[in-house]
């Protein structure tokens, strides 16, 4: 894939046998996939927040390490949600990118997709690290004498 998306755009147009609408819908579907995956992260984040509301204090009282890891985990999960929402859910209609040749239009939407994908990857890494820290804190509670 080239940095400007034109190589991938050409490949998509070729795959769709020049059908511009089909090619555009293919890239639109990829944008939809990013949103659905972010929704999964947001759902899991809301579970972490809810569980913290019920048992966070108990976990934090287990030890200093548990306190630090539960708070750090919660903060990272919240940052992951914010990064994902700010980067993936920012709304700009793909049809606003129409103009010029079909190749140029599809390449612009691919660049948007790639930009949103970078935010999604960052959010996923933050979430996994934060969730792991959170689970580590809960494990300390479960293993405490």
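The values are calculated or read from the model by the stated rules, or taken from the named source; none is laboratory data. Keep in mind the model is a prediction, meaning the values are calculated, not measured. In this analysis, Cβ positions are derived from the backbone assuming ideal geometry, glycine residues included, and neighbour counts consider all displayed protein chains.
Given the residues 127, 119, 136, which is the only one that is touching a residue at least 24 places away in the same chain (Cβ under 8 Å), surrounded by fewer than 17 Cβ atoms within 10 Å (Cβ to Cβ) and in contact with a helix residue (DSSP H, G or I) (Cβ under 6 Å, 6 or more places away or on another chain)?
136
When you scan the stretch 1-90 for helices (runs of 4 or more DSSP H) that lie fully inside it, which ones turn up with 2 or more residues that are under 23 Å from the mean Cα position of the chain (by Cα), in contact (Cβ under 8 Å) with a residue 40 or more places away in the chain and surrounded by fewer than 17 Cβ atoms within 10 Å (Cβ to Cβ)?
20-60, 64-88
Can you find, within the stretch 95-116, the residue that is modelled with the highest pLDDT among those that are within 30 Å of residue 74 (Cα to Cα) and in contact with a helix residue (DSSP H, G or I) (Cβ under 6 Å, 6 or more places away or on another chain)?
Going through the qualifying residues, I end up with 116.
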